[in-house]
Amino acid sequence: MRKSALVTGASRGIGRAVAAALAGEGWAVCVNFLERREAAGELVQELRARGCAAMAFQADAADRAAVEAMVRAASEELGPVELLVNNAGISHQGLFQDTDDETWDRLLAVNLTGPRNAIRAVLPHMLGEKRGCIVNISSIWGLRGGSCEAAYAAAKAGLVGLTRSLALELAPSGIRVNCVAPGCVDTDMMRVLSGETRAMLAEETPLGRLGRPEDIAQAVAFLASDRAAFITGQVLTADGGFIV
């Protein structure tokens, strides 16, 4: 049976690179998107042109019913989901006391409840088969905190706690749960910052540059592979040494 992977938030940036890397390693890939239908469709066409099985599905990670429908569709078209990469995320910059309830709730809904929704949807098959792999995408800000990014950092810290807790809970069922914490990566989320700020972050990174989406994708591909068969409950920080 073909092995299938679901990557949330895969129409651009890190998610897009992850989907491409996994396809290159033999996974059939479901490309989740929310708004960028054209970009998701282009990625699916690229993967199919390479001989890889792929599909796109629109769903809001925060909408449990939509996520469950996505997992059903992916399982029917590509095969049961045996790898879940929780990448979908949104950010917000602003003082904590200026962050309104709507913004706070939305950041937690997408960045923390979203992964919970996807995990709940894929777990029945994984538990039945006693195998499976989950990789959550957190952030270095979830490990060290981020000034003017309290809601985002709190959600990403919660994702680290969820990773470690589920790793313990699901290990007896042969399911591995790990986390990648990217540093400063050159994506659309980073490009909202000024060029001066981005240059400063690159300078503060010991390796002397911003990360590339492909850098994170390779970390995910490793954790998803048999090369990481004895690794669970870990947070792999891919940040160029930023928080050493």
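Each reported figure results from applying straightforward, stated rules to the coordinates on display, with no laboratory input. None of these values were measured; they are calculated from a predicted model. FYI the Cβ positions are ideal-geometry reconstructions off the backbone, even for glycines, and counts take in every protein chain you see.
In terms of its Cα atoms, the chain spans 49, 39, 36 Å along the principal axes, sorted from long to short.
Among residues other than A118 whose Cβ falls under 15 Å from its Cβ, what is the net charge (Lys/Arg +1, Asp/Glu -1)?
0
The base-10 log of I(q)/I(0) for segment 174-244, evaluated at q = 0.19 Å⁻¹, reads -0.76 [Debye formula, identical scatterers on Cα atoms, solvent excluded]. The modelled label-to-label distance for the pair A199/E42, using points 7 Å beyond Cα in the direction of Cβ, is 2.9 nm. Once the C-beta distance of T103 and A65 is scaled by a Förster radius of 22 Å, the resulting FRET efficiency is 0.40 to the nearest 0.05.
Approximating the spin labels as points 7 Å out from Cα along Cα→Cβ, the S173-to-Q218 distance works out to 3.3 nm.
Given the options L84, L223, L47, which has the most mean-square fluctuation in a GNM of the chain, springs set between C-alpha atoms less than 10 angstrom apart? So, out of L84, L223, L47, the one fluctuating most is L47. For segment 10-15, the Karplus equation 6.51 cos²θ - 1.76 cosθ + 1.60, evaluated at θ = phi - 60°, returns couplings of 9, 7, 7, x, 4, x Hz by residue, with Gly and Pro reported as x.
Seen through its C-alpha gyration tensor, with square-root eigenvalues sorted a ≥ b ≥ c, segment 33-88 comes out oblate because a/c lies at 1.5 or above while a/b is not bigger than b/c. Over the C-alpha trace of segment 90-205, radius of gyration and Dmax come out as 16.2, 51 angstrom. A compact globular protein would have a Cα radius of gyration near 2.2 N^0.38 Å; the ratio found for segment 33-128 is 1.25.
Under a point-charge model restricted to the Cβ atoms of Lys and Arg (+1) and Asp and Glu (-1), what is the dipole moment magnitude of the chain relative to its Cα centre, in debye to the nearest 20?
Rounded to the nearest 20 debye, it is 800 debye.
Highest mobility in the GNM of the chain, judged by mean-square fluctuation with C-alpha springs under 10 Å and restricted to A151, A109, A69, is found for A69. Here each label is just a point 7 Å from Cα along the line to Cβ, and for E76 and R227 those points are 3.6 nm apart. Electrostatic tally near E68: other residues with Cβ closer than 14 Å to its Cβ, Lys and Arg +1, Asp and Glu -1, net +1.
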